[in-house]
Amino acid sequence: MPSPHQSAPAGATPPVIAVVGPTGSGKSDLAVSLALELDGEVINADSMQFYRGMDIGTAKITDAERRGVPHHLLDILEVTEEASVSAFQQQARALIGDIHGRGKRAILAGGSGLYVRAALDILEFPGTDPEIRRRLEMELETAGPGALRERLEAVDPVSAGRLGDARRIIRALEVFELTGRPFSSFMPAREYFQPAVQIGLDVDRELLRERLARRVEAMVAKGLLEEVRRLDAAGLRHGKTAPRALGYAQFLRVLDGGSSLAQATDETIIATRQFARRQLTWFRADPRVHWLDWQDPDLAARAAVLCRTPPVLPVA
C-alpha cells in the first residue's frame, strides 16, 4: 500500500471525495482537514447552506473554521429561491472538473443524501412543466392530498409508498405526465459517475443526541430568533425550500406568537435528532461508504489514506 503521503499515479483521475454522515458529526471539520492534507477544495452538499443569511440555524462553517480552504456553493441562493437537485448536479460536476483540472482534490461535504448522490452517481433528472405543476397544486387545494395520492398509487405504487408529503407527490405525478414513466424509475443504481470515495462518520448515537441538544441551545444563544426575524423580512416564508429548514419553521411560529422560545428550542432539538436518524439510515444503506469513528484522534489521517488509496468495491 502506498504511504499516506504518496500521490496518485501520473495521469490518473483522483477520486472525488465525499464526507457524509448525520448532522452534528463533524463533516465540515473533517472536510477542511482533508483539504489541507490533500491540497483540496470543499464543495458544499448541504441544501440549506445554499441560502444567504441562513448561518446560525444551519451551522454554516465560518471563515475562521475554513482555515483558508476554498469553499464552493455556499450562499448562492436567496431565501425566496427554490433549491434544485438537478441544478446542483450541474454546478457540482462543473466544479469537480475545474478543481481536478487545476491539480487539486474535490471534497464534497454535507448531509443532504440526494444531493450527494446527484453529484457522485449516474442519476437522470426528468424535466419540469410549470403548467402541469400549477394544475396539480390547484387540485391539491381543492381535492386534498388523499386524491392525489390515490392517483399516484394507480400509476406509480412504489413512489406512492415512499413519498410522504404533498410536494413530492405532486412532483411524482408531474414526472409521470411529462414522461409516461413512473417517478420511481428515475432512481439510480449505486453506480459512480466518476471515481469516488465516501467517508462516513460513525457516531455514538447517545452522544450525538446530547451534542445536537447542546448545539441547538447554542444556536439560540447566538441569536437564531433574530436571524429568523431578519430572514422573514427578506421573504423567508414565501420560499419553497428555505422555510422548511430545521429551526426556521419552528422559530417562525415564535414570531407569529404561536410558540414560546423554549417550545421552539425543544421542537428543534427533537426535529434535529429525527433528521439525524434519517440521515444515518440513508447513508448506512450505501455499502460503498467507508465508516470511520467520529472521535478517533487519527480520523483525518485515516481518512486521507482512504482518499489516496480507495479500495475498489463492487457496484451495489
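The values are calculated or read from the model by the stated rules, or taken from the named source; none is laboratory data. A quick note: this is a predicted structure, and the numbers were derived from the prediction, not measured. Using ideal geometry, Cβ is built from the backbone for each residue, glycine included, and neighbour counts are taken over all protein chains shown.
Regarding the stretch 202-209, can at least one residue be identified that is part of a helix (DSSP H, G or I) and either in contact with a Gly (Cβ under 7 Å, 6 or more places away or on another chain) or modelled with pLDDT under 95 (or both)?
Of all residues in the stretch 202-209, those part of a helix (DSSP H, G or I) come to 205-209.
After this cut, where a residue has to be either in contact with a Gly (Cβ under 7 Å, 6 or more places away or on another chain) or modelled with pLDDT under 95 (or both) as well, the list is 208.
For the stretch 202-209, residues part of a helix (DSSP H, G or I) and either in contact with a Gly (Cβ under 7 Å, 6 or more places away or on another chain) or modelled with pLDDT under 95 (or both): present.
Residue under question is Glu226, and the condition is that it be among the charged types (D, E, K, R), on the phi < 0 side of the Ramachandran plot and over 20 Å from the mean Cα position of the chain (by Cα); does it hold?
When the stated conditions are applied, Glu226 passes them.
Output the number of the condition that Lys240 fails; it satisfies all remaining conditions of (1) over 22 Å from the mean Cα position of the chain (by Cα); (2) closer than 25 Å to Leu77 by Cβ; (3) not in a helix (DSSP H, G or I).
Tallying (1) over 22 Å from the mean Cα position of the chain (by Cα); (2) closer than 25 Å to Leu77 by Cβ; (3) not in a helix (DSSP H, G or I), Lys240 fails exactly one: (1).
Taking the condition closer than 29 Å to Asp165 by Cα, at pLDDT 95 or above and touching a Leu at 6+ places or on another chain (Cβ under 6 Å), does Ala271 pass?
So Ala271 fits the description; yes.
Inspect all residues belonging to the stretch 84-103 and state whether any of them is assigned to a loop (DSSP other than H, G, I, E, B), modelled with pLDDT of 95 or more and either out of contact with any Pro (no Cβ under 6 Å at 6 or more places or on another chain) or under 30 Å from Pro130 (Cα atoms) (or both).
Yes, the stretch 84-103 contains at least one residue that is assigned to a loop (DSSP other than H, G, I, E, B), modelled with pLDDT of 95 or more and either out of contact with any Pro (no Cβ under 6 Å at 6 or more places or on another chain) or under 30 Å from Pro130 (Cα atoms) (or both).
Can you find a residue in the stretch 41-54 that is modelled with pLDDT of 95 or more, buried (at least 23 other Cβ atoms within 10 Å of the Cβ), in contact with a Gly (Cβ under 9 Å, 6 or more places away or on another chain) and closer than 14 Å to Arg308 by Cα?
no
Among the residues of the stretch 66-79, is any in a helix (DSSP H, G or I) and farther than 15 Å from Pro14 by Cβ? If you could, list the steps in order and put the result at the bottom.
The first filter runs over the stretch 66-79 and keeps only residues in a helix (DSSP H, G or I), leaving 66.
Those still in the list that are farther than 15 Å from Pro14 by Cβ too: 66.
Yes, the stretch 66-79 has at least one match.
If a residue counts only when it is at pLDDT 90 or above and of a type in the set (A, V, I, L, M), which helices (runs of 4 or more DSSP H) contained entirely in the stretch 141-200 have at least 2 such residues?
145-155, 166-179
Which count do you get for residues in the stretch 64-96 that are in contact with a strand residue (DSSP E or B) (Cβ under 9 Å, 6 or more places away or on another chain) and within 19 Å of Lys27 (Cα to Cα)?
Of the residues in that region, 10 qualify.
Output the residues belonging to the stretch 257-283 that are under 14 Å from Gly24 (Cα atoms) and either outside any helix (DSSP H, G or I) or among the polar types (S, T, N, Q) (or both).
Once the filter is applied, which keeps residues that are under 14 Å from Gly24 (Cα atoms) and either outside any helix (DSSP H, G or I) or among the polar types (S, T, N, Q) (or both), the stretch 257-283 yields Thr268, Thr272, Gln274, Gln279.
Just to be sure I understand, how many residues within the stretch 210-224 are crowded, with 18+ Cβ neighbours inside 10 Å and not in a helix (DSSP H, G or I)?
Here the count works out to 0.
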